[in-house]
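The numbers here are math on the coordinates, done by the rules we state, and not lab data. Since the structure is predicted, the reported quantities are computational estimates derived from the model, not experimental observations. As a convention, Cβ positions derive from the backbone with ideal geometry for all residues, glycine included, and neighbour counts pool all protein chains shown.
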Amino acid sequence: MKSIYILAIESSCDDTAAAIIQDDKIIANGVSTQKIHQNYGGVVPEWASRKHQENIIPLLDHVMKLADIELSDLDAIAFTRGPGLLGSLIVGVSFAKSLALSLDIPIIEIHHMKAHVMAHFIEDPKPTFPFLCLTVSGGHTQIIKVKSHNDMKILGTTLDDAAGEAFDKAGKMMGLPYPAGPEIDRLAAKGNPVFDFPEPRIDGLDFSFSGLKTAFRYFLRDQTKLDPNFIENNKEDICASIQHKIVDILLNKVEKAVKQTGLKQVAIAGGVSANSGLRNALQERALTNHWTVFVPKFEYCTDNAAMIAISAYFKYLDNDFSDHSIGPEARLAW
Ligand code: KG4
Ligand code: ZN
């Protein structure tokens, strides 16, 4: 049987990504990370869309070479429709539509957060339905009951900041470069969680990180009053402590979700799932509670187009194509 080739584009935030899938196998995967935002301590939307414009065609050339196929071999083009930064999404959506029009092939819209969950279907071992997925990124924190490729139910979500934001804002207060998540992870590995912070009391499976952020701000302020070099001299322990608390908040809710649903397959997804503290703590809890856990490869945790491609493959099989009249949605509904 003839293979299906799909080109996938991801441009929801500050990484321009493209991938090509041949049936259910990724044959090319590329990302252009935009370094410029580091100068500003956060993503500058205007810069993000301009950089996507510059990166997207060279990236297409790169993945086409890697895949060793011709544009005429493509059967569909998939893209992230949302959620994300509007100016960033517009670049990917317009590019995908125009290329699909010129090749006379269908387009497939993908929901960015559902795609993070689908990253678990890129390589073995794959979870079986239904399973739980903790999806933690720069903009979202969700516990999802995944019933099938196209049926996912949100059981809990953050009421304020996302887990990635909690990492990034804590790091910013410490003077760490953006995005601080990976930097906190690196420093935490050399420290111990000797400082404690209060855990929010939120009902059900929802999360909140704004109280922790405030507690952390006051903690740094008070300690710096006593010792102006407090942050510099205790960087590793401070990082280990805040990371430990964020991970604890996340996994306590996962434990609650397992109890409520009886589902013992637990997956993690999204940029924060790259965090080694979260990965280790998840493995520990899995041993104690007899869970089977699924942790994607590092490159499939943070924003990537392979997750868009695998999502698109299942939609292609369902003949679930999009109309050219659709546009990007910064707050795309679930
Ligand atoms: O999924 P993602 O790449 O983009 C969004 O869709 O938001 O997630 C980015 C977030 C950022 O907040 C970043 O700091 C965080 O993931 N992150 C990490 C690590 N790697 C990325 N947080 C903690 N530890 C890491 N190793
Ligand atoms: Zn993401």
Fill in the blank from the handout: Note on the chain: contact order normalised by length, alpha-carbon pairs under 8 Å, 6 or more apart, percent, works out to 24
Practice task
Can you figure out the FRET efficiency of residue 318 with residue 75, using R₀ = 22 Å and their beta-carbon distance, to the nearest 0.05?
Solution key: 0.95
Exercise for the section: Report the full-extension gain for the segment residue 104 to residue 172: residue separation times 0.36 nm, less the Cα-Cα distance, to one decimal in nm. Expected result: 19.8 nm
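Where in the chain lies the longest segment free of GluC sites (Glu not before Pro) that are both loop residues by DSSP (not H, G, I, E, B) and have at most 15 other Cβ atoms within 10 Å?
Working: sites that count: 70, 123.
Result, exposed sites excluded: 124-334.
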Fill in the blank from the handout: Counting only DSSP beta bridges fully inside the stretch 125-296, the antiparallel percentage to nearest 5 is 60
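What are the trypsin sites (Lys or Arg not before Pro) within the stretch 285-318 that DSSP puts in a loop, where the Cβ has at most 16 other Cβ atoms within 10 Å? Before the final figure, lay out each step's value.
Details: sites: 285, 297, 315; in loops: 297.
Loop-located and lightly packed - 297.
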Exercise for the section: Note down the magnitude of the dipole of the stretch 125-296 about its Cα centre, charges +1 on Lys and Arg C-beta and -1 on Asp and Glu C-beta and zero elsewhere, to the nearest 20 debye. Expected result: 480
Exercise for the section: Kindly write out, for the stretch 187-202 in residue order, the coupling ³J(HN,Hα) from the Karplus curve 6.51 cos²θ - 1.76 cosθ + 1.60 (θ = phi - 60°), rounded to whole Hz, with x marking Gly and Pro. Expected result: 5, 4, 4, 9, x, 10, x, 7, 9, 10, 10, x, 8, x, 9, 10
Practice task
May I ask you to list the residues of the stretch 267-292 whose amide nitrogen lies under 14 Å from a point 7 Å from Cα along the Cα→beta-carbon direction of residue 189?
Solution key: 274-280
Problem - Added length on full extension, which subtracts the Cα-Cα distance from 0.36 nm per residue, residue 35 to residue 276 - result: 84.5 nm
Practice task
Could you run the Karplus curve 6.51 cos²θ - 1.76 cosθ + 1.60 with θ = phi - 60° over the stretch 118-127 and give me ³J(HN,Hα) per residue in whole Hz, x for Gly and Pro?
Solution key: 5, 4, 6, 9, 7, 9, 7, x, 9, x
Handout entry: Cα lying deepest toward the dipole's positive end in the chain, options 30, 293, 210, charges on Cβ
Key = 210
Exercise for the section: Would you mind pulling out the separation of the Cα centroids of the stretch 134-158 and the stretch 252-320, in Å? Expected result: 10
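Assuming R0 = 25 Å, what is the FRET efficiency of residue 259 and residue 298, from their Cβ-Cβ distance, to the nearest 0.05? Each step should come with its number before you reach the end.
Working: r = 30 Å, r/R0 = 1.19.
Efficiency for this residue pair is about 0.25.
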Practice task
Give the cross-link partners of residue 225 among the lysines, using a straight C-alpha distance below 27 Å as the criterion and excluding same-chain residues fewer than 8 apart.
Solution key: 169, 172, 190, 213, 235, 245
